[in-house]
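Enquirer: Below are the structure tokens for one structure; questions will follow.
The values are calculated or read from the model by the stated rules, or taken from the named source; none is laboratory data. Computed from a predicted model, the values in this text were never measured in an experiment. Heads up, the Cβs are rebuilt from the backbone with ideal geometry, glycines too, and the neighbour counts pull from every protein chain shown. Accessible surface areas use protein heavy atoms only, side chains included; no ligands, DNA or RNA. Shrake-Rupley method; radii C 1.70, N 1.55, O 1.52, S 1.80 Å.
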Amino acid sequence: MTTFKHEYAPRGGCREVFEYRGEEVLVSGPAGTGKSRACLEKLFMVCMLTPNTRALILRKTQTSLGSTALVTWRNFVIKEAEAAGEVVYYGGSSAEPPQYRFRNGSKVMIGGLDKPVRIMSSEYDIVYIQEATEITITDLEFVKTRLRNWQTSFQQLIMDCNPAGNKHWLKLRCTDGKTKLIESRHEDNPRLFEECAPEAPGALAYWDVPSGYVKVTDRGAAYIEILDNLTGVRYKRLRLGLWVSAEGIVYEEFDPAHHVLPWEYDDKGNQLPLPAEWPRYWVIDFGYVHPFVCKWYAIGPDGEIYMYREIHMTHRTVAEHASQIMSLVTKEVETEWYDHFNRTMRTKKEIVWTEPVPDAIICDHDLEDRRTFERETGLGTIKAIKWVNQGIDLHKERLKLNKEKEARFYLMADSLVEVDPYLRENLMPINTEEEYAGYVWKVSPDGRKQNDPVKKDDDGVDCDRYLTMHLDFKGKARATLLDY
Ligand SMILES: Nc1ncnc2c1ncn2[C@@H]1O[C@H](COP(=O)(O)OP(=O)(O)O)[C@@H](O)[C@H]1O
Ligand SMILES: [Mg+2]
């Protein structure tokens, strides 16, 4: 065995989860407390200590895992072990999921619940579900049936999340005592708070260090400042770690468990596109400091809407967006042709569409941005009908579930083209799904709800409303749509 040195010292709630042996545990808390790191370190330790452990890192979709937990896993948890050759990555095959293989025979599989076949046919000793509020209780029960490999002395489902609504099923499951709930806080993360002497300036009492005091680090101060700038339900959940729902939420009907659909895959694991005969629409909400949002929609056989691709990005010009948009829907092909005059084969390059051309591109009203977009793409646009209250009412109708639990509006999972680093860093919604939970009505100083939504973090939800208006509104505004 090669030797390597790996350091990790968990504190507070993170230490509790690290040491807990029961069969089902959830660590919840605000953003950045070290929850995911603690869960991953635990997986790593179990795999190192017990040969032939089978572990699984799981999230609702495999793609979302790649940009979060796996980054921490590679950069912090297994870094030294991988460099020492103690752990190697194996990219998977049609029968096996991607995985990290330990020299002692332990394996850590990687997967998303959107591609369950390869991961769920196996048995495990320890399963870590990241952002467990995203999954359904059925998913959780299913995962639990796979926990029976019995290589380790305890079999465990370990989960982490930022808090969600106060009536979320996972929170209720903790209240019922089925899941052990461990709370973590910012002081648990040594990157944000370091141990100090009781008399040091800014010392805060904290139970889980020898001196009994910690103070905020430079990095910690910067991070807490970002969190302090959040508002509404994001502030309560990500800064304070509270399980709360937004007050006066506009789209109460929206429930990710019903309205966010997984993609389907073929036997080889390739994502199946939506049927080419489904009509397409694009909706654009321009912005530079606020996100520019462009969303792609397909209309299913019963008129239901599927949003299947989203650009949600700040600090880029319309021309930059236009070129990215066209590269997403077209490709260059080379065809050969025979030049009779010169008697030789030649090739020519052509741009072809790789998916249906939209029936309409619906935009917010900024004329200059629209013109730029039209010039850069060669595509015409129309104005959105922006009557807010009518739009919200109609969109709520689409979100409502019928007896069969079907809606008339869906978001496809992981449809974001690229995560905006600015939004991610500032913990602002990175896509429309994240906007739905925080889109609220204005409240007047005397506490009454007003008939107007708060105009904040609404760029993606607005696009959905514009398309619903375009398709469902039967009023007069349509007549004026074509004038500029
Ligand atoms: N005990 C620790 N020692 C060193 N770094 C830590 C520790 N706990 C967390 N971190 C670092 O802090 C950052 C945030 O941790 P993370 O686990 O992603 O937080 P959360 O999942 O609570 O949002 C990560 O880069 C992680 O490596
Ligand atoms: Mg995390």
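Enquirer: If each of Arg191 and Lys456 carries a label point 7 Å out from its Cα toward its Cβ, how far apart are those two points in nm?
Expert: 2.7
Enquirer: Would you mind calculating the gained length between Ile382 and Glu19 on full extension (0.36 nm times residue separation, minus the Cα-Cα distance), in nm to one decimal?
Expert: Length gained between Ile382 and Glu19: 124.8 nm.
Enquirer: Let me ask something additional. Can you list the aspartates and glutamates whose alpha carbon sits under 16 Å from that of Lys79, skipping same-chain ones fewer than 8 residues off?
Expert: Glu7, Glu41
Enquirer: Additional query: Each label point is 7 Å from the Cα along the Cα-to-Cβ direction; what then is the distance between the points at Arg74 and Thr2, in nm?
Expert: 1.8
Enquirer: Kirkwood Rh, Cα Rg: Rg to Rh for the chain?
Expert: That ratio equals 1.01.
Enquirer: Now, a different point. Quick check on packing: order 254-265, 281-292 by the mean number of other C-beta atoms within 10 Å, highest mean leading.
Expert: So the peptides 254-265, 281-292, ranked by packing, come out 281-292, 254-265.
Enquirer: Oh, and also: Please calculate how many Å² of accessible area region 242-281 carries per residue, with a 1.4 Å probe and no DNA, RNA or ligand atoms counted.
Expert: About 59 Å² of surface per residue is accessible.
Enquirer: Let me ask something else. Which trypsin sites (Lys or Arg not before Pro) does region 421-454 hold that lie in a coil by DSSP with at most 13 other beta carbons within 10 Å?
Expert: Counting only loop positions with at most 13 other Cβ atoms within 10 Å, the trypsin sites (Lys or Arg not before Pro) in region 421-454 are Arg448.
Enquirer: What is the distance, in nm, between label points placed 7 Å from the Cα along the Cα-to-Cβ direction at Lys144 and at Asp266?
Expert: A separation of 3.8 nm, rounded to one decimal place.
Enquirer: Can you compute the label reach from Glu406? Point 7 Å from Cα along the Cβ direction, backbone N cut-off under 15 Å, restricted to region 282-313.
Expert: 299-306
Enquirer: Which whole-number percent is the relative contact order of region 1-127 (Cα, under 8 Å, 6+ apart)?
Expert: Normalised by residue count, the contact order of region 1-127 is 29 percent.
Enquirer: What's the ranking of 58-67, 356-365 by average number of surrounding C-beta atoms within 10 Å, highest first?
Expert: Order by mean packing, descending: 58-67, 356-365.
Enquirer: So if we plug the beta-carbon distance of Arg219 and Thr335 into 1/(1 + (r/R0)^6) with R0 = 41 Å, what FRET efficiency do we get, rounded to 0.05?
Expert: Efficiency at R0 = 41 Å is approximately 0.15.
Enquirer: For region 294-395, what number of Lys pairs, 8 or more residues apart or on separate chains, have alpha-carbon atoms under 22 Å from each other?
Expert: Lysine pairs meeting the criterion: 5.
Enquirer: So, one more: What's the percent breakdown of Cα-Cα distances in region 335-484 across 10 Å bins, shortest bin first?
Expert: 8, 26, 32, 18, 8, 6, 2, 1, 0
Enquirer: Assigning unit charges at the beta carbon (Lys, Arg +1; Asp, Glu -1) and nothing else, what dipole magnitude in debye, to the nearest 20, does the chain show about its Cα centre?
Expert: So the magnitude is around 640 debye.
Enquirer: Largest first, how would Leu113, Leu170 line up by accessible area (1.4 Å probe)?
Expert: Leu113, Leu170
Enquirer: A follow-up question, please. Taking 51 Å as R0, compute the FRET efficiency from the Cβ-Cβ separation of Thr344 and Ser122 and round it to 0.05.
Expert: Approximately 0.35, to the nearest 0.05.
Enquirer: For Lys215, go through the aspartates and glutamates and keep the ones whose alpha-carbon is under 14 Å away, minus same-chain ones fewer than eight residues off.
Expert: Glu187, Asp188, Glu194, Glu195, Glu199
Enquirer: Can I ask one more? When the helix-only estimate is applied to the chain (DSSP H runs of n ≥ 4, each -39,500 (n - 2.57), divided by the residue count), what is the mean residue ellipticity at 222 nm, nearest 500 deg cm²/dmol?
Expert: Mean residue ellipticity at 222 nm (helix-derived): -7500 deg cm²/dmol.
Enquirer: When only Cα pairs under 8 Å and 6 or more residues apart are kept, what is the percent relative contact order across region 363-472?
Expert: 29
Enquirer: Residues with amide H under 5 Å of Val454's amide H, sequence separation 5 or more or different chain, H placed in the peptide plane at 1.01 Å from N; which?
Expert: Val440, Trp441, Lys442
Enquirer: Give the share of C-alpha pairs in each 10 angstrom bin for region 202-251, from 0 to the last occupied bin, in whole percents, shortest bins first.
Expert: Pairs per bin, as whole percents: 23, 34, 30, 11, 3.
Enquirer: Normalized C-alpha radius of gyration of region 1-68, against 2.2 N^0.38 Å?
Expert: The value comes to 1.22.
Enquirer: If the reach is capped at under 17 angstrom between alpha carbons, list the aspartates and glutamates near Lys449, excluding any in the same chain fewer than eight residues apart.
Expert: Hits, sequence-local ones excluded: Glu247, Glu252, Asp393.
Enquirer: Going 7 Å from the Cα of Asp176 along its beta-carbon direction, which residues of region 128-144 have the amide nitrogen within less than 20 Å of the resulting point?
Expert: 129, 132-144
Enquirer: Still on this structure, please answer the following. So if we plug the beta-carbon distance of Lys449 and Arg375 into 1/(1 + (r/R0)^6) with R0 = 56 Å, what FRET efficiency do we get, rounded to 0.05?
Expert: 0.85
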